[in-house]
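The values are calculated or read from the model by the stated rules, or taken from the named source; none is laboratory data. Note that the coordinates shown come from a computational prediction; the quantities given were computed from them, not determined experimentally. Glycine also receives a Cβ, built like all others from the backbone with ideal geometry; neighbour counts cover every protein chain displayed. Surface accessibility is based on the protein's heavy atoms, side chains included, excluding ligands, DNA and RNA. Shrake-Rupley method; radii C 1.70, N 1.55, O 1.52, S 1.80 Å.
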Protein chains: 2
Amino acid sequence: MDNTTPRTRRNARIRQAIIKSAVEIIHHEGVSALSIRRIADAIDYSPASIYEYYPNKDAILAAVCLEGYAKLTAALQDYPATADPRVATRECGVQYVRFALANPDYFLLMFSSAGMQPNHNSEESLELQLLRSPAFMVIYRHIHALVEAGFCVVTPRYGVFQIALSAWQMVHGIAMLSLTTLRDGPLDYTIIRMTLDAWQRGFAHTVAER
Amino acid sequence: MDNTTPRTRRNARIRQAIIKSAVEIIHHEGVSALSIRRIADAIDYSPASIYEYYPNKDAILAAVCLEGYAKLTAALQDYPATADPRVATRECGVQYVRFALANPDYFLLMFSSAGMQPNHNSEESLELQLLRSPAFMVIYRHIHALVEAGFCVVTPRYGVFQIALSAWQMVHGIAMLSLTTLRDGPLDYTIIRMTLDAWQRGFAHTVAER
DNA sequence: ATATTTACTGAACGTTGTTCGGTAATTGAT
DNA sequence: ATCAATTACCGAACAACGTTCAGTAAATAT
């Protein structure tokens, strides 16, 4: 189909300009400073025109979050390939925390409210949806390699997926608390590495079945 | 001093009514539905009068959070004393997640924005501040018992405090992701217990010094 | 009983998200 | 090239928001 007519291309460009200026406003002045009028001002349109491209403000925030997920995925992969999967897994976690602290506005927007998740398709099982989420898959593959190398034991009830989920939960807790309750406290990546090593050690042997 | 004159008592009662109605509005219609005007309506005052008791809306939200911290602390202790500190520690974590899912609005309000933490005194070290936070202390004592019983090994760099912090981060990640990304997915407390057991196993032996 | 402090309100200001009627520009068909 | 139909855009407005302030009613202190 002609998804590249002049019109659709202009349309896409303006949509892009909208979320780009939104990202900049958020980055420089925080989420609370973001308003339709500020965006309209930044891209030389009237406030009403914004609604030709996005149905409402939440849709714009959702689009910003989508960008955030992509950036997070890239950040998780931004570590040189390592022979030892244990180190690779751990450093992936460090990257997660690093991303959160480097982009606090992005991160809090993505993971603070209950309605900011990508393609929340309630038809499908949550597991399948996560497995199609690129960011989660980066973690998943690290855990898979960990298991392959014999550093991590799986059971029928608690497989690669569950371990990957647990890893995500661990680093997410570190990141989230660092941004909220522990903000402006010292952030020691040496200690975070020790925490992640301890987490890994917990899965080094069979998870007790219940 | 006379902190119980008729005036101060009335004052306290009205302040209490304000945050009580705020809690109810949040609970029934979500944080986004909370407004000064709605509160004023609920307690039969004019919007302007609210400002005689709280300087602004954020102060009201902060007061709501304070209540939340107290409720969380109570929830963490709401598990019968157990002989085995390993079980006690794990069930404390389960209670944390339970609280989050039972009070999603409270929890997200408390731990979503960067400015909702209690008495953020930047003079003092973060460690000392946490050690005076009742909720954290519940976790801290569990870890202390765990160490006392020999189920958990401490090192100079990574002591009871760090382990307790790690425990908090772990359950916080579970809770937070369950409320946001994993919301409306199934929540299996059996699997959460297995996760917390694995976490505990990671600290069962010496944390490798770096 | 009077002076003074406190409690409370109505009305307003500036800002927000969003809608709508109307106009200018662009497109598709002849 | 011309004309009708669609699309893009805007000004103005609406309702709701947080907050302020001048002014009135009530409670307190003298």
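What the table below lists for this structure:
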item	result
Crossing angle, helix A:189-202 versus chain A [Cα axis fit, 0-90 degrees, rounded to tens]	60 degrees
DSSP-loop GluC sites (Glu not before Pro) across region A:116-197, with at most 13 other Cβ within 10 angstrom	A:E123, A:E124
Label 7 Å beyond Cα on the Cβ vector: B:E148 copy-to-copy distances, nm	4.7
Copy-to-copy label separations for A:R15, where each label sits 7 Å from Cα toward Cβ, in nm and ascending	5.1
Number of partner chain Cβ atoms within 10 Å, mean per residue of B:188-200	5
Whole-number accessible area per residue in Å² for chain A, which is evaluated in the context of all protein chains at 1.4 Å	50 Å²
In sequence order, calculated HN-Hα J values of region B:146-152 (Karplus, 6.51, -1.76, 1.60; Hz; x Gly/Pro)	4, 5, 3, 7, x, 8, 8
Estimated vicinal HN-Hα couplings, Hz - region A:48-62 in sequence order (Karplus 6.51, -1.76, 1.60; Gly, Pro = x)	5, 5, 3, 6, 7, 10, 9, x, 6, 5, 4, 5, 5, 4, 4
Average Cα contact separation per residue, chain B, under 8 Å, 6 or more apart, as relative contact order %	20 percent
Convex hull (Cα only) mean projected area of region B:100-181, reported in nm² to one decimal	6.6 nm²
Pseudo-label separations to other copies for A:S49 - Cα-to-Cβ vector, 7 Å, nm	4.7
Mean projected area in nm² (Cα convex hull; one quarter of hull surface) for chain A	15.2 nm²
Ratio of Rg to Rh over the protein assembly as shown (Cα coordinates, Kirkwood Rh, two decimals)	1.00
Whole-Hz couplings from phi, Karplus 6.51/-1.76/1.60, listed for region A:104-121; x for Gly and Pro	x, 5, 3, 5, 5, 5, 5, 10, 9, 8, 7, x, 10, 8, x, 5, 6, 9
In the B-A interface, the accessible area buried, summed over both sides, Å² (probe 1.4 Å)	4300 Å²
Region A:130-182-region B:69-120 distance, computed between alpha-carbon centres (Å)	23 Å
Accessible area of chain A belonging to carbon and sulfur atoms, whole % at 1.4 Å probe	54 percent
Dipole axis of the protein assembly as shown (+1 Lys, Arg; -1 Asp, Glu on Cβ), positive-most option in B:Y45, B:A83, B:A70	B:Y45
Distribution of pairwise C-alpha distances over region B:1-54, 5 Å bins, in %	5, 20, 27, 21, 13, 8, 5, 2, 0
